[in-house]
Amino acid sequence: MFSAVTRTGILNSSRTPFSRAVAAQSARAFVATPARRTEEPQSVVAERALKNRPISPHLSIYQPQMSWVLSGIHRNTGVLVAGSAYLYTAAFGLAPMFGLDLSSVAVASTLAATPTPLLLAIKALISGSLSFHCVNGVRHLFWDSGKGLNNKGVINSGYVVIGATTLLTGYLTFF
């Protein structure tokens, strides 16, 4: 009625087909890789490796595609937005220890004294990063629901993200 106990100590009859497949895979013989000789310095090993095979290609050899470009921008804007929020929160909390004034009155007076072109550039950077990250996040929520996952849908939604980001950034920067 019960099959024999395997080397792991579990009865085969109580296992799922997946766990039996994993056990069969792990029961195969392992192949040992040759160890590096201890008297051989690492630079010799690296030099030998460079002679025998080419260096792996980098992003610069690939044609930019909508999906991976927007993915990289999404990650960078997330780091920028979250990092800025964390830094300002930490600075606001630590400011009294260093005698700095980061109250809303002090920040407003500093921004009022900032030259207009610089202020617009700062507003464009902040609003552009925030609006792109939010709009692209909505795009990801649509993908999570299973919509627009084909190649045409990814490209079209990418153009929608770029357009919506441009409109939101312009609105938040100038109004």
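Simple point charges give the picture: +1 on the Cβ of Lys and Arg, -1 on the Cβ of Asp and Glu, and for the range 46-175 a dipole about the Cα centre of about 560 debye. Available extension along the chain between Leu141 and Val79 is 20.4 nm, counting 0.36 nm per residue and deducting the alpha carbon span. Here the Karplus curve 6.51 cos²θ - 1.76 cosθ + 1.60, taken at θ = phi - 60°, turns the phi angles of the range 151-159 into couplings of 4, 5, x, 5, 5, 5, 5, x, 5 Hz, with x standing for Gly and Pro.
Ligands, DNA and RNA aside, Leu70 has an accessible area near 10 Å² when probed at 1.4 Å.
Between Cys134 and Phe174, 0.36 nm times their residue separation minus their Cα-Cα distance comes to what? Working shown, then result.
Values: separation 40, 0.36 × 40 = 14.40 nm, distance 1.90 nm.
Here the answer is 12.5 nm.
With kT/(6 pi eta Rh) evaluated at 10 °C and eta = 1.306 mPa s, and Rh the Kirkwood radius from Cα pairs, the range 121-175 diffuses with a coefficient of 137 µm²/s according to Stokes-Einstein.
The values are calculated or read from the model by the stated rules, or taken from the named source; none is laboratory data. A quick note: this is a predicted structure, and the numbers were derived from the prediction, not measured. Cβ coordinates were reconstructed from backbone atoms using ideal geometry, including for glycine residues, and neighbour counts include every protein chain displayed. Areas reflect the complete protein model, heavy atoms only, side chains present, ligands, DNA and RNA absent. Shrake-Rupley method; radii C 1.70, N 1.55, O 1.52, S 1.80 Å.
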